[in-house]
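Derivation of every value follows stated rules applied to the coordinates shown; laboratory data play no part. Everything quoted here is computed from the prediction, not taken from an experiment. Cβ placement follows ideal geometry from the backbone for every residue including glycine, while neighbour counts extend to all protein chains displayed.
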Amino acid sequence: MGRVAIVTGGTRGIGAAVAESLNQEGYDVAAFYGSNDEAARVFNQETGIAVYKVDVRDFEACQTAVAQIEKDKGPVEILVNNAGITRDNTMHRMDRDCWQDVIDTNLGSCFNMCRSVIDTMRQQGFGRIVNIGSINGQAGQYGQVNYAAAKSGIHGFTKALAQEGAAKGITVNAIAPGYVDTDMVRAVPENVLEKIVQRIPVGRLGRASDIARGVLFLVGDDADFITGSTLSINGGQHMY
């Protein structure tokens with residue numbers, strides 16, 4: 001079997017595309033999901049990729065799940081932190097729970113998962129971590145102070161951890177997707193979505209497969225000189 005890979009938020013949208021692409025390239029993939037049992041069941045049935053229900057906000061749950069994967073498959077060598085939610089509102093209407101849920105799910109999960117795999121990666125002298133940020137973590141977005149803060153935090157987290165891992169053969173990079181045609185983006189009102197597409201120079205929404213190709217590039221064995229970078233895949237909407 002190929003290198004063992006975990007993808008969080010791995011049964012739908014961008015995560016599903018990443019998990020499937022890794023699987024097709026020979027990686028031994030475990031897809032984590034949070035709540036949608038039916039979507040996970042269908043994904044597993046259609047792809048044969050192992051699925052694990054894990055609350056990535058919970059540090060102990062992440063440690064337990066990683067230990068189980070190491071038992072089932074072997075040491076984890078690839079980690080893609082993709083789990084994310086939105087709870088949009090303007091600051092004067094946002095309650096504390098909406099803030100905390102997004103921070104814990106989008107940013108806290110990166111710590112929980114990285115801490116659960118980093119010791120093994122250091123011992124092996126090899127690791128590839130890719131954190132999925134966002135164009136809105138780079139440019140900000142009205143009504144998304146929680147989401148933008150979490151995604152911006154991911155970019156800083158990535159650069160700091162990259163410095164720690166480099167001497168141990170561990171690369172840590174981020175991808176900042178633009179607006180991608182997923183369930184999250186389809187929930188945006190049609191008139192708003194039309195305006196968003198008008199601001200994308202290539203003239204379309206991204207596809208989940210666009211992001212998956214970036215992940216495949218960054219996790220390759222021969223990508224060992226690329227670390228601490230953020231790869232923006234946004235159709236030219238924000239050149240940063």
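Work out, in µm²/s and without decimals, the Stokes-Einstein translational diffusion coefficient of region 164-239 at 10 °C, 1.306 mPa s, Rh from Kirkwood over C-alpha pairs.
After rounding, the answer is 114 µm²/s.
7 Å from Cα along Cα→Cβ at both Gln100 and Ile226: what's the point-to-point distance in nm?
3.8 nm
If you take the charge dipole of the chain about its Cα centre, with +1 on Lys and Arg Cβ and -1 on Asp and Glu Cβ, which of Tyr179, Ile6, Ser35 is farthest toward its positive end?
Tyr179
Could you line up Val219, Val130, Val145 from fewest to most neighbouring Cβ atoms inside 10 Å?
Val145, Val219, Val130
Could you list the chymotrypsin sites (Phe, Trp or Tyr not before Pro) in region 110-152 that lie in coil according to DSSP, counting only those with at most 14 other Cβ atoms within 10 Å of their Cβ?
Qualifying residues, ordered by number: Tyr142.
Please list, ordered by chain and number, the residues whose modelled amide H lies under 5 Å from the amide H of Leu79; skip anything fewer than 5 residues away on the same chain.
It is Ile6, Arg128, Ile129, Val130, by chain and number.
Could you tell me how many cubic angstrom of Cα convex hull volume the chain has per residue?
122 Å³
Identify all lysines with a Cα-Cα distance to Lys168 below 16 Å; exclude those on the same chain that are fewer than 8 residues away in sequence.
Straight-distance partners of Lys168: Lys159.
What whole number of Å gives the distance from the Cα centroid of region 70-123 to the Cα centroid of region 172-208?
22 Å
When the dipole is taken about the Cα centre of region 4-233, and only Lys, Arg (+1) and Asp, Glu (-1) are charged at their Cβ, what size is it in debye, to the nearest 20?
That gives a dipole near 540 debye.
By average Cβ neighbour count within 10 Å, what is the ranking of 151-162, 22-33 from highest down?
22-33, 151-162
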